[in-house]
Amino acid sequence: EAEVAQSPRYKITEKSQAVAFWCDPISGHATLYWYRQILGQGPELLVQFQDESVVDDSQLPKDRFSAERLKGVDSTLKIQPAELGDSAMYLCASRPGARASSPLHFGNGTRLTVT
Amino acid sequence: AQSVTQPDIHITVSEGASLELRCNYSYGATPYLFWYVQSPGQGLQLLLKYFSGDTLVQGIKGFEAEFKRSQSSFNLRKPSVHWSDAAEYFCAVGAPNYGGATNKLIFGTGTLLAVQP
């Protein structure tokens, strides 16, 4: 079964440094999501793409976070500068379209630790 | 605003015992509801979903869930728990994005299941 690929699996960085995460969704999936999951909590949406366009970044801290999906396929999420409170699991998910009934397929995530 | 509540943060059951994980949602229209499971350090795997029809839905790994509109609930059940079921379980509701053009999933805070031998 096709999977959502994410890298790196783990990242340790010092505060004020820049960090980037990569996601390759399942082939043909037009909708891509970045979620942040703080330890002990449920995932919270950061940004959602439909093809190469951002359709929801209302919860993305835009002063330090940025996301792109230039060709409508893979995506990169960047944090600059990283803060201690950014330590979390960053999950990428995709779905074929935008229908509310279709489930999201998740990658294994990137665990970020900011020291 | 749409929301999901999972009242139980942590549950411990004995292997072979039955399981019920609670989920309550807040949503104005007919909801799209999902249960996901997350093993430590892993992503989320879909167990089952509900969006119409029969209110009792079957999922993978022997799980089922029942949609009760009158109680705004979508509880997850399993008749006999196995040690491999130990994981964190998340209930989610499909909701429109900011602006309403597309949709996303809103997750509950999760229930951590421990299984005693």
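Overview of results
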read-out: Quarter of Cα convex hull surface for region A:36-76, i.e. mean projection, nm²; value: 3.3
read-out: Residue B:3-residue B:60 FRET efficiency (beta carbon distance; Förster radius 30 Å; 0.05 resolution); value: 0.70
read-out: Taking N as its residue count, the alpha carbon Rg of region B:3-116 over 2.2 N^0.38 Å; value: 1.04
read-out: Accessible surface of residue A:56 - all protein chains present, 1.4 Å probe, nearest 10 Å²; value: 10
read-out: Per-q log10 I(q)/I(0), region B:10-63, q = 0.16, 0.31 Å⁻¹ (Debye; single scatterer per alpha-carbon; no solvent); value: -0.65, -1.36
read-out: Average beta-carbon neighbours from other chains, 10 Å sphere, peptide A:102-108; value: 6
read-out: Kirkwood Rh (inverse of mean 1/r, distinct Cα pairs), the protein assembly as shown, angstrom; value: 18.2
read-out: Taking region B:3-116 and dividing mean pair separation by its residue count, relative contact order in percent (alpha carbons under 8 Å, at least six apart); value: 37
read-out: For A:46-57, mean number of other protein chain Cβ atoms within 10 Å; value: 2
read-out: Rel. contact order, % - alpha carbon contacts under 8 angstrom, at least six apart, chain A; value: 37
read-out: Other protein chain Cβ atoms within 10 Å, averaged over every residue that makes up B:30-43; value: 4
read-out: Long-range Cα-Cα pairs in region A:5-114 (distance over 23 Å), rounded percent; value: 21
read-out: Percent antiparallel among DSSP beta bridges (both partners in the protein assembly as shown, rounded to 5); value: 90
read-out: Whole-angstrom gap from region A:72-100 to region B:53-87, using each part's C-alpha centre; value: 29
read-out: Accessible-area value, residue B:82, 1.4 Å probe, nucleic acids and ligands omitted, Å²; value: 80
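The values are calculated or read from the model by the stated rules, or taken from the named source; none is laboratory data. If you're wondering where the values come from, they're calculated on a predicted model, not measured in any experiment. Note that each Cβ is placed from the backbone with ideal geometry, even for glycine, and that neighbours are counted across all protein chains shown. Heavy atoms of the whole protein, side chains included, go into the accessibility calculation; ligands, DNA and RNA do not. Shrake-Rupley method; radii C 1.70, N 1.55, O 1.52, S 1.80 Å.
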